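The values are calculated or read from the model by the stated rules, or taken from the named source; none is laboratory data. Predicted, not measured: the structure shown is a model, and the values here were computed from it. Heads up, the Cβs are rebuilt from the backbone with ideal geometry, glycines too, and the neighbour counts pull from every protein chain shown.
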Amino acid sequence: MHYKYQDRIFTRKLEDKELEKYLEYKNKLLTNDFNIDVFYITQNKLIEYFELKEHKFFMIYCLEKIKKWIYFNEAYTEEYINKLQKILHNFRLTNKLNSYETEYINHVKAVVFNKKRNLKQLVTDFQLINKKEIVCFNFSDSSILKKDENNNYYKKINKCEIYISNSRIIINHPSYIYSIHFKYIFNYRLEDDLFRLDIYNEHENDSMTHLYFDSNDNYVLYVSFERIFNQYTKNLEPYVFEKGVNPESYNKSKVDYEHD
């Protein structure tokens, strides 16, 4: 599960005095062969459970099962999110979700949308490299972080917009604009719920810097970048290193971005 609040979704805390009663109730359900591991079930078959005094316990039991189902079935597809919403509807949980669960559903929907939507040119207030450049994604209210010598994060650039075009990442700050061309990007991944880029720095003796991007939804940022990067770098000539340089042995260094 890629959701940053995964420990807070589809689970409910019980007071100590309720825990024993809940375990008894759960064992009773299992003794009666009530098994909802397979979610081919309708509301009509569950009416008696909704009307019991232990409805709260039944809801918690269902949430436990749903979380287990998510663990084995989670996928960023329309089929998955439609199935999850149908399960929640059948168990009458749609209106009982907490804010983190609602955000999780919106998160999955956003990822699915950004993976499939048609790529269109966004209107920008900065100059494009050429007529062939297309800016496809925008993430507002973002930050760029780095790590200090003690491996702690600190903000390098705050309150900026991140744009992804078919040739580069653009960091748009009220005071300046920086860009990172795709050919200088050696690797990318999610790390500590942040989107990490490993970037060649030709101005620092072919050293490498590591930047961490923090947006409203870093997994959406990740899949959006991956989609564009894979699509538009197939024929891109990679950055050429000096002889004897091993890209795997880079240390952190200060980066000098391409300045627009």
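Any idea how many residues of the stretch 166-188 are closer than 15 Å to residue 213 by Cβ, touching a residue at least 24 places away in the same chain (Cβ under 8 Å) and not aromatic (Phe, Trp, Tyr)?
8
So in the stretch 68-101, with the set limited to residues that are surrounded by fewer than 18 Cβ atoms within 10 Å (Cβ to Cβ), within 17 Å of residue 29 (Cβ to Cβ) and touching a helix residue (DSSP H, G or I) at 6+ places or on another chain (Cβ under 9 Å), which one is modelled with the highest pLDDT?
Applying the filter and picking the extreme gives 93.
Which condition from (1) at pLDDT below 95; (2) within 15 Å of residue 179 (Cβ to Cβ); (3) surrounded by fewer than 20 Cβ atoms within 10 Å (Cβ to Cβ) is the one that residue 138 breaks?
The single condition residue 138 does not satisfy is (1).
Among the residues of the stretch 95-151, write down those that are outside the structural domain of residue 218 (by TED's automatic domain parsing), in contact (Cβ under 8 Å) with a residue 40 or more places away in the chain and among the small types (Gly, Ala, Ser).
110
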